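The values are calculated or read from the model by the stated rules, or taken from the named source; none is laboratory data. Just so you know, these numbers come straight off a predicted model, no measurement behind them. Virtual Cβ from ideal backbone geometry, glycine too; neighbours counted across all protein chains shown.
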Amino acid sequence: MGTRRFFATTSRGLEDVLAEEIRALGGREARTAAGGVSFTGEPALGYRANLWLRTANRVLLHLSDFHAPTPAALYEGVAAIPWPEIFPVRKTFVVDATVRDSGVTHSHFAAQKTKDAVVDRFRDSQGVRPDVNLLSPDIRINIRIVRDACTLSLDLSGESLNRRGYRADPEEASLRETLAAGMVLLTGWEGRTPLVDPVCGAGTIPIEAALFATNTAPGLRRSGFAFQHLSDYDRNLWDSLVTEAKEKRSPSAAARIEGSDLSPEAIRSAQRNAGRAGVSAVAALHTRDVKEFSPSGPPGIILCNPPYGVRMRPGPGEEIFYRALGHVFKKRCAGWTAYVLSGDPDATRHIGLKASRKFPLMNGPIDCRLLKYELY
């Protein structure tokens, strides 16, 4: 029950945001790395991290570090772990492997060797072995080998944490929930001024803003986590953390949160998503052309992920859309601060404004910038 080492993964560009979240949860020694943050804490912190972190994609529990220049060394290092004490033999598992600049040259081979070591340890100890399930395993083992240095971890999350449980079709929007939440946090918005998304699509940005403003733990509506399949899973502790999270939730937000989109179908989907997320009363979602966008009330934050790339091919339509967005910013949004996620600088130049700051972010495989515009 002593201190444990964890690593939380995130989208490139959100490492500092995630580190602040981890410190706020009580994580110690939070150190950023490319695509994630390492930290230490008590075992219960692994549960809290999965329940509360808004920008983490996965939370890994560190098991071992060892030198693995050969397949035999990799096998021995993995076999040294007392796997039958970590998860029951009836649970299924899979190995996720990453290999770079090492004597073990292929990730698939590294995963296979790791799997062999795990099942052999079970067979030697209990005479039976756990099954592998590539599609929906109970346990995910993570192996990373860089320049022959191997890090062995357990994935405590299972399904990626961006799967909050409120989107019926996870592929209906190109923006991950964790990235949307990270964008909200990057703006510095604290939930006391309006936040509006004039091209909200499936509603991910306003819904994530509403979850933040109501202090709703993003993991509350998930069906489960991988750590619940481990032998040392403490159900009473988890139930107490869930109860605590429900009690901390506020039924309302201090400021207006709004999303709109030209597509009635997208808005209907966004409204269903907001209902499943429990924020229908907080996030107002309605159909509106961006050309008609005219925010009212006290100034606040405009935050949006307008179409680019496969969602809007270069051409006259793209130019017309971005010129209209820029016109609205310049003519109707004085005093507001706008943030626009862009994966296409040729498109956003049609906005006709100079960004005061650019935050580099990765939207999946797309190299993006979150552009900040001070609207005077």
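Determine, yes or no, whether Leu195 is closer than 27 Å to Phe6 by Cβ and in contact (Cβ under 8 Å) with a residue 60 or more places away in the chain.
So Leu195 does not fit the description; no.
Would it be correct to say that Arg235 is surrounded by fewer than 17 Cβ atoms within 10 Å (Cβ to Cβ) and touching a residue at least 60 places away in the same chain (Cβ under 8 Å)?
no
Report every pair of residues separated by at least 6 positions or lying on different chains whose Cβ atoms are under 9 Å apart, first residue within the range 326-348 and outside the structural domain of Leu185 (by TED's automatic domain parsing), second modelled with pLDDT under 95.
none
What strands (runs of 3 or more DSSP E), lying completely within the range 1-111, carry at least 1 residues that are crowded, with 16+ Cβ neighbours inside 10 Å, without any contact (Cβ under 8 Å) to a residue 40 or more places away in the chain and of a type in the set (A, V, I, L, M)?
Fully inside the range 1-111 and qualifying: 28-33, 36-41.
If only one of Val78, Val37 is under 18 Å from the mean Cα position of the chain (by Cα) and among the aliphatic types (A, V, I, L, M), which one is it? Steps first, answer last, please.
Values: Val78 fails: under 18 Å from the mean Cα position of the chain (by Cα).
Val37 is the lone residue from the list that is under 18 Å from the mean Cα position of the chain (by Cα) and among the aliphatic types (A, V, I, L, M).
Quick check on the range 354-376: of everything there that is over 16 Å from Ile301 (Cα atoms) and surrounded by fewer than 11 Cβ atoms within 10 Å (Cβ to Cβ), which residue is modelled with the lowest pLDDT?
Pro365
Just checking, does the range 148-157 include any residue being surrounded by fewer than 16 Cβ atoms within 10 Å (Cβ to Cβ) and over 23 Å from Leu53 (Cα atoms)?
Filtering the range 148-157 down to residues surrounded by fewer than 16 Cβ atoms within 10 Å (Cβ to Cβ) leaves 149.
Those left that are additionally over 23 Å from Leu53 (Cα atoms): 149.
Scanning the range 148-157 turns up at least one residue that is surrounded by fewer than 16 Cβ atoms within 10 Å (Cβ to Cβ) and over 23 Å from Leu53 (Cα atoms).
Looking at Ser263, Ser240, Ser280, Ser294 in this structure, which one is without any contact (Cβ under 8 Å) to a residue 24 or more places away in the chain and either outside the structural domain of Gly201 (by TED's automatic domain parsing) or over 24 Å from the mean Cα position of the chain (by Cα) (or both)?
Ser240
Just to check your reading of the model, which residue among Leu241, Leu220, Leu237 is among the hydrophobic types (A, V, I, L, M, F, W, C) and either modelled with pLDDT under 95 or in a loop (DSSP other than H, G, I, E, B) (or both)? Please lay out each step first, then the result.
On the way: Leu241 fails: either modelled with pLDDT under 95 or in a loop (DSSP other than H, G, I, E, B) (or both); Leu237 fails: either modelled with pLDDT under 95 or in a loop (DSSP other than H, G, I, E, B) (or both).
Being among the hydrophobic types (A, V, I, L, M, F, W, C) and either modelled with pLDDT under 95 or in a loop (DSSP other than H, G, I, E, B) (or both) holds for just one of Leu241, Leu220, Leu237, which is Leu220.
If Cys304 satisfies all but one of (1) within 25 Å of the chain's Cα centre (by Cα); (2) modelled with pLDDT under 95, what's the number of the condition it fails?
(2)
In the set Asp131, Asp124, Asp169, which member is within 18 Å of the chain's Cα centre (by Cα), surrounded by fewer than 17 Cβ atoms within 10 Å (Cβ to Cβ) and more than 26 Å from Arg5 (Cβ to Cβ)?
On the way: Asp131 fails: within 18 Å of the chain's Cα centre (by Cα); Asp124 fails: within 18 Å of the chain's Cα centre (by Cα).
After applying the criteria, what remains is Asp169.
Gly335 versus (1) surrounded by fewer than 19 Cβ atoms within 10 Å (Cβ to Cβ); (2) part of a helix (DSSP H, G or I): which is the lone unmet condition?
(2)
Within the range 254-275, which residues are in a loop (DSSP other than H, G, I, E, B) and of a type in the set (A, V, I, L, M, F, W, C)?
Passing the criteria: Ala254, Ala255, Leu262.
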